[in-house]
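A quick write-up on the structure given underneath.
The values are calculated or read from the model by the stated rules, or taken from the named source; none is laboratory data. Every value quoted in this text rests on a predicted model; they were computed, and no experiment measured them. Here Cβ is always computed from backbone atoms with ideal geometry, including for glycine, and neighbour counts include all displayed protein chains. SASA here: full protein model, heavy atoms, side chains in, ligands and nucleic acids out. Shrake-Rupley method; radii C 1.70, N 1.55, O 1.52, S 1.80 Å.
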Amino acid sequence: MRIFVEAATGLPMILLTTAVIVVVCFWLLVAVGVVALDGFDTDADPTAWGMGGIPVAVAVSVPVVLAWVFGVGATALLIALGPGGTAAWALRLAVAVGAPLVAWRLTRRFVRALRRLFPEERGPSRPTSHDHAA
């Protein structure tokens, strides 16, 4: 347990730990009804990040949590098994940079797979007879 706490609260993973705390607080506010899930959808477009078709809150939350899980797990392994000194700090920095990139890529793949499984509903391709009645 000590290694896990050290990994989550040590530099540079403390930055991702702080981001996870913000995400958890946001979702608690959504659950209580203080904040709307789609409150940020007009402010940002997740399509630019390769995650179109999902709310912005989800497009940000999922990669943050995945990056934290990957980063803290890899950092804990480095603490338990890795070298000491400068090499350890270089590896921790590589984990802190690599974990968000891996999380983003996995989230993009997951979103693409979901879009294929659940395509957007489309209306009728041709106008029906009651569309012209006025």
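Pairing each residue of segment 25-46 that is without any contact (Cβ under 8 Å) to a residue 40 or more places away in the chain with any residue that is aliphatic (A, V, I, L, M) and in a loop (DSSP other than H, G, I, E, B), provided the two are 6+ apart or on different chains, yields C-beta distances under 7 Å for PHE26/VAL35; LEU29/VAL35; VAL30/LEU37; PRO46/ILE54. Within segment 43-61, track down each residue that is under 14 Å from the mean Cα position of the chain (by Cα) and among the hydrophobic types (A, V, I, L, M, F, W, C). Of everything in segment 43-61, those that are under 14 Å from the mean Cα position of the chain (by Cα) and among the hydrophobic types (A, V, I, L, M, F, W, C) turn out to be TRP49, MET51, ILE54, VAL56, ALA57, VAL58, ALA59, VAL60. Under the condition of being more than 18 Å from the chain's Cα centre (by Cα) and part of a helix (DSSP H, G or I), which residue from segment 1-30 is nearest to VAL102 (Cα to Cα)? Across segment 1-30, the extreme among qualifying residues is ALA7.
Could you check segment 86-117 and list, in sequence order, the residues that are within 17 Å of the chain's Cα centre (by Cα), more than 20 Å from PHE4 (Cβ to Cβ) and among the small types (Gly, Ala, Ser)? ALA113, the sole residue that qualifies. Going through segment 64-77 one residue at a time, which ones are open to solvent by less than 40 Å² (accessible area, probe 1.4 Å) and either more than 22 Å from GLU6 (Cα to Cα) or of a type in the set (A, V, I, L, M, F, W, C) (or both)? Matches in segment 64-77: VAL64, ALA67, VAL72, ALA74, ALA76.
The condition of being touching a Phe, Trp or Tyr at 6+ places or on another chain (Cβ under 8 Å), part of a helix (DSSP H, G or I) and touching a residue at least 12 places away in the same chain (Cβ under 8 Å) holds for only one of ALA74, ALA57, ALA80, ALA96, that being ALA57.
Checking each residue in segment 26-38 for being open to solvent by less than 40 Å² (accessible area, probe 1.4 Å) and either modelled with pLDDT under 75 or of a type in the set (A, V, I, L, M) (or both) picks out only VAL30.
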